[in-house]
Amino acid sequence: MEQRARRGTLRVYLGAAPGSGKTFAMLREGRTRRAQGEDVVVGFVETYGRPRTVEAIGNLEVLPRLHVEYRGTTLDEMDLDALLARKPEVALVDELAHTNAPGVRHAKRWQDVDELRDAGIDVVTTVNVQHVESVKDLVESITGIPVRETVPDHVIDSAGEIHFIDIAPEALRKRMRHGNIYAPDKIEAALGNFFRPGNLGALREIALRLVAQTMGTANSEVRPAPQDVLVAVSGAATSESLIRLGARLARRTDGICTVVTVSPWRSGSDGAGVERLRTVSEQVGATLLQRDASDVGRALTAIAREVMARHVVIGESRPPALFGRWRATLADRIIEDLPDVHVHVLSRFVTRGQRQDESEQRRPEPDQLLRRLHAASGRRASLRVYFGYARGCGTTTAMLDEARRRGLRGTDVVVAAVRTYERAPCEAMLAGIEVLGGRRGASAPRHFDVDALLARNPQVACLDDLARLNAGGRPLDEVLRRILDAGITIIATLHLTDLRSTVETMGPLLGYGADHPTVDDSVLALADEMELVDVTPAVLTERLRHGAILPPSRTASALQTEFRPQVLAALREMAFRIIAAHTDRQLVAYMRERGIEQPWEARPRVMACVPPRAGMEGLIRLAARLAERLDAEFKVATVRTRPRSDEEKQLLGRYAALTHQLDGEFVTLRQSSVPAALAGYARQNLVTEMVVTRGRPNRRFRRNDLRALIRMVKGIDVHIIAAGEG
């Protein structure tokens, strides 16, 4: 065959943790594509002896592995040359972040994938979120476990499609206990370390928001002007975290990230340290500059002007000796010398006299998150929801698959309401499962008999399509609570397009009329577990065209309304954010329960700090725009240190009204020290970014509230806004 001129595509299955089902999904796609006539080869797959994964290989062609001798052992690697010679249309390559054995042509598997794509071969691969370079530091701070293998962000960015494989934390832990992930002798250790509920919840939320941010950037037609970022590092232990923070900031503003290290003249640079910084910078898509100068502050100011940076990221210097405390730090100088630039300062040190709460360092213990939350609510059963962003995602199939698996393990499961629409896969999965009231009219709307379900009293009940559930006119939340209070666990399905808020905001785009059935958004608060059933819009559209979702007579109109590519992309992004918000609520509850105050940046939380002075509207609006872009919680705080004048009360009243108008929360703190009040509130509310003005510096003593605040908020991005922007 002639050499194909085009570059191969990349499709990534992303998971929050090992065992989520990425490899299984990749192999399933391979079998489907082979059945459709494509030439598919398994370049490398790691089954770890998991029966379902081994079974999923089926009749796929598997390329023999390359055996590499290393230090007396034989390591198995992907045979890149053999795969290039075989030249299939599609190559399945597991574990994108894998480090190859010494002696193989490339050090990393993602480099192998790049060469395959250069040869015109489409690649389907898998990766966990902890291996994405730009979030490596977040993962390490959450889990306390070093991440040794990463994939550069530009590789993930080059993917044509990212398919997220979602699984709720407790469901993954159950999968672990059943021996479906690790060997029996490793299960308890894993549950007590990486697979703790808090870890899994935070990792899941990071992954959801990472994909949602990617989709949001791709779907946005009108984007603000790019804002370039300069990160100043010294080579200290915190430098890598600063680089990753700067890279994330540049990504959300579509800007370029530049990393600079400035050494005093004749100081002698640390070659190994610089190379480490260069490697990290390249992994996150940043450029590293090295400069020598006698005055570091002046050099950084000049470089910021040179690269026209809109944001400067810098770490707070270590607190100086007693008499040096009155001199300006490097951060002080940058703030003063670059008034028209946004400055982000991260404090990594604890000031003298400031006691570090032990709870900030204590890791969550290996207890059962969901069970403890259920106990707190007084319920004996749980509500588990399979959530899809549109019809045809496969929520019913996922629900029935779980019902079948639970039944095989001896659980008493019944299907109380289901709509299969006579589709063969769903009908086949009902075999062997008791359907309450019999199988009559499974495709038609059916009355749901709550009393019959309570009388039957199973352990688990399946309720398909909550929005179309006919419960005899009773409110849905009342019916669900009644079942849960009886100790019956519910597995249900729900679509984003059936939520009342979605229909109210997007009804015309979806082509829905006033008679479209909806469910109130409050039902989401009842769910103990929500799991996103994700398929890409391209796959969903293909299912629609093949008649797997709607009758042929309705396909054409659906393609012009709810199945338009732009509508599906927007719905999918909304679904990711809804699941992320649900995960965040559980994670915060877990952290509150454990007394953890360290700001885990799973979900951003933005707090604007306003004094009782005129002209703060711009600051509030800027913080609100930032929170909207990040899908972050938004608060505005002011500190009352003395009685307010009437003019100040009126000002703060207007600021509170504006905050509420922008969907934020306005709070007034009462304390004699402004920095202490803001820092304490920020820690208690897990704030990740504080937006402040430059304040009123006292050049005589080099002391002001801003300087004190920076030193009190360890690990929080103190965002000092540019002059003229608020």
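The values are calculated or read from the model by the stated rules, or taken from the named source; none is laboratory data. None of the values given here were measured: they were computed from a predicted structure. Virtual Cβ from ideal backbone geometry, glycine too; neighbours counted across all protein chains shown. With ligands, DNA and RNA removed, areas are computed over all heavy atoms of the protein, side chains included. Shrake-Rupley method; radii C 1.70, N 1.55, O 1.52, S 1.80 Å.
For the reader, a short list of remarks on this structure follows.
- Subset tally (residues that are over 31 Å from the mean Cα position of the chain (by Cα), β-branched (Val, Ile, Thr) and either modelled with pLDDT under 65 or in a helix (DSSP H, G or I) (or both)) for segment 313-356: 3
- Selection status of Val113, within 24 Å of Gly19 (Cβ to Cβ), assigned to a helix (DSSP H, G or I) and at pLDDT 95 or above: yes
- Selected residue [among the acidic types (Asp, Glu) and at pLDDT 90 or above] from Asp157, Asp153, Asp94: Asp94
- When Ala171 is tested against (1) over 18 Å from Arg204 (Cβ atoms); (2) in a helix (DSSP H, G or I), just one condition goes unmet, and that condition is (1).
- Every residue from segment 60-84 that is at pLDDT below 90 and not in a strand (DSSP E or B): Arg71, Gly72
- Reported count of residues in segment 606-633, each being on the phi < 0 side of the Ramachandran plot and open to solvent by 20 Å² or more (accessible area, probe 1.4 Å), is 12.
- Thr420 being within 36 Å of the chain's Cα centre (by Cα), outside any helix (DSSP H, G or I), modelled with pLDDT under 90 and within 30 Å of Leu571 (Cβ to Cβ): yes
- Residue count for segment 393-418, restricted to those that are in contact with a helix residue (DSSP H, G or I) (Cβ under 7 Å, 6 or more places away or on another chain) and surrounded by fewer than 22 Cβ atoms within 10 Å (Cβ to Cβ): 4.
- Test: residue in segment 39-58 that is open to solvent by 30 Å² or more (accessible area, probe 1.4 Å), more than 24 Å from Asp166 (Cβ to Cβ), among the charged types (D, E, K, R) and modelled with pLDDT under 95: no
- Candidates Ala97, Ala82: the one that is within 23 Å of Arg7 (Cα to Cα) and in contact with a Leu (Cβ under 8 Å, 6 or more places away or on another chain) is Ala82.
- Just one of the listed residues (Thr73, Thr9) is open to solvent by 10 Å² or more (accessible area, probe 1.4 Å), of a type in the set (S, T, N, Q), without any contact (Cβ under 8 Å) to a residue 12 or more places away in the chain and farther than 26 Å from Thr143 by Cβ, and it is Thr73.
- Each residue in segment 709-726 was checked for being modelled with pLDDT under 85 and open to solvent by 20 Å² or more (accessible area, probe 1.4 Å), and 6 pass.
- The residues on offer are Leu84, Leu96, Leu138, Leu116, and the sole one that is aliphatic (A, V, I, L, M), on the phi < 0 side of the Ramachandran plot, surrounded by fewer than 19 Cβ atoms within 10 Å (Cβ to Cβ) and in contact (Cβ under 8 Å) with a residue 24 or more places away in the chain is Leu84.
- Counting only residues that are part of a helix (DSSP H, G or I) and among the hydroxyl-bearing types (Ser, Thr, Tyr), segment 144-158 holds 0 of them.
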